[in-house]
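Peer 1: Please find one structure pasted underneath; my questions will follow.
The values are calculated or read from the model by the stated rules, or taken from the named source; none is laboratory data. What you are looking at is a predicted structure, and each value in this text was computed from that prediction instead of being measured. Here the Cβ positions follow ideal geometry from the backbone for every residue, glycine too, while neighbour counts run over all protein chains shown. Ligands, DNA and RNA are stripped out before the accessible areas are found, and what is left, the full protein with its side chains, is counted by its heavy atoms. Shrake-Rupley method; radii C 1.70, N 1.55, O 1.52, S 1.80 Å.
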Amino acid sequence: MDNRDVIIACDFASAEETLRFLDRFGDERPFVKIGMELYYAAGPEIVRTLKARGHKVFLDLKLHDIPNTVKKAMRVLSGLGADIVNLHAAGTRAMMEAALEGLTRPDGTRPLLIAVTQLTSTDQTALEQELLIDRPIDEVVISYAKNAAAAGLDGVVCSPLEAGKVHSACGGSFLTVTPGVRFAEGDKGDQKRVTTPAQARELGSDYIVVGRPITAADDPVAAWKRCRQEFGVC
Ligand code: C5P
């Protein structure tokens, strides 16, 4: 199955702002990502509202707690109708397996579950000096991705630049969901290692997560269409 799509990061502070932005898309229903800011501001209702309007939703809440707590929280998120949810692989295999159990609906369906390996804001120095992990960060990322795959997860969040390595280690069907995407002539903002949508495609990304290049564009709909075209989904 070809999962490829562009997911718009709706990093807005309220439901009103989000819906105003999405109204600009007319009859189009882009795949959207709801992060902590919007979810904590607007509550679970924002997920129900976007699902009722026909959007696919990636709920980016990055759960990390004891297995039983994560299992119960995932049951709630699954009930909201989210299409993709995530957690920190650092929570260990027991937590990831519990999450999958919680996500599975009575009819056997469930949202896709993907893992954050190491946050891109964590560098080698922080890894060694604060987390007391002495291994090279690339090795840690791949090891966490393998744990996620072994626990039965569907994929990881990573840079497009890491997508190939993740697929080699965990298999071609293990999903790579990749932020850090910019148009060739675009402003990088605070992202350091960026690729264009076309490069992300070449590198094997399954989904690209794109925020400001679309949300801050003069014409967000045109920017979204361009992104999809360059990424090869239309
Ligand atoms: O605006 P921009 O395209 O940089 O947005 C990227 C989105 O992906 C944001 O919601 C950001 O929080 C998220 N993200 C990221 N890097 C990660 C994980 C998530 O940029 N490693």
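Peer 1: Return yes when Leu38 is in contact with a Phe, Trp or Tyr (Cβ under 7 Å, 6 or more places away or on another chain) and either buried (at least 22 other Cβ atoms within 10 Å of the Cβ) or part of a loop (DSSP other than H, G, I, E, B) (or both) and no when it is not. First the steps, then the outcome.
Peer 2: Values: in contact with a Phe, Trp or Tyr (Cβ under 7 Å, 6 or more places away or on another chain): yes; either buried (at least 22 other Cβ atoms within 10 Å of the Cβ) or part of a loop (DSSP other than H, G, I, E, B) (or both): yes.
Against the criterion (in contact with a Phe, Trp or Tyr (Cβ under 7 Å, 6 or more places away or on another chain) and either buried (at least 22 other Cβ atoms within 10 Å of the Cβ) or part of a loop (DSSP other than H, G, I, E, B) (or both)), Leu38 qualifies.
Peer 1: Could you identify the single residue in Asp123, Asp187 that is closer than 26 Å to Asp65 by Cβ, open to solvent by 30 Å² or more (accessible area, probe 1.4 Å) and touching a helix residue (DSSP H, G or I) at 6+ places or on another chain (Cβ under 9 Å)? First the steps, then the outcome.
Peer 2: Numbers: Asp187 fails: closer than 26 Å to Asp65 by Cβ.
After ruling out the rest, the residue left standing is Asp123.
Peer 1: Something else now. Residues being under 16 Å from Arg24 (Cβ atoms) and more than 19 Å from the chain's Cα centre (by Cα): count how many of those fall in the stretch 203-234. I'd like the intermediate steps shown before the answer.
Peer 2: As a first pass, look at the stretch 203-234 and keep what is under 16 Å from Arg24 (Cβ atoms): 210-228.
Within this subset, residues satisfying the condition of being more than 19 Å from the chain's Cα centre (by Cα) are 216-223, 225-226.
Going through the stretch 203-234 one residue at a time, the tally reaches 10.
Peer 1: Also, quick follow-up: Which of the residues spanning the stretch 190-203 are surrounded by fewer than 19 Cβ atoms within 10 Å (Cβ to Cβ) and touching a Gly at 6+ places or on another chain (Cβ under 7 Å)? Spell out how you get there, then give the answer.
Peer 2: Going through the stretch 190-203, the residues surrounded by fewer than 19 Cβ atoms within 10 Å (Cβ to Cβ) turn out to be 190-193, 198-199, 202-203.
Matches in the stretch 190-203: Gln191, Arg193, Leu203.
Peer 1: A further question on this structure: For the stretch 107-141, give me each residue that is touching a residue at least 24 places away in the same chain (Cβ under 8 Å), touching a Ser or Thr at 6+ places or on another chain (Cβ under 8 Å) and of a type in the set (Val, Ile, Thr). Quick ask: steps written out before the conclusion?
Peer 2: Of all residues in the stretch 107-141, those touching a residue at least 24 places away in the same chain (Cβ under 8 Å) come to 110-118, 120, 138, 141.
Keeping just the survivors that are touching a Ser or Thr at 6+ places or on another chain (Cβ under 8 Å) gives 110-111, 120, 141.
Those that are touching a residue at least 24 places away in the same chain (Cβ under 8 Å), touching a Ser or Thr at 6+ places or on another chain (Cβ under 8 Å) and of a type in the set (Val, Ile, Thr): Thr120, Val141.
Peer 1: With respect to the numbered conditions (1) away from the ligand (no atom under 15 Å from the Cβ); (2) on the phi < 0 side of the Ramachandran plot, which one is the sole condition not fulfilled by Val156?
Peer 2: (1)
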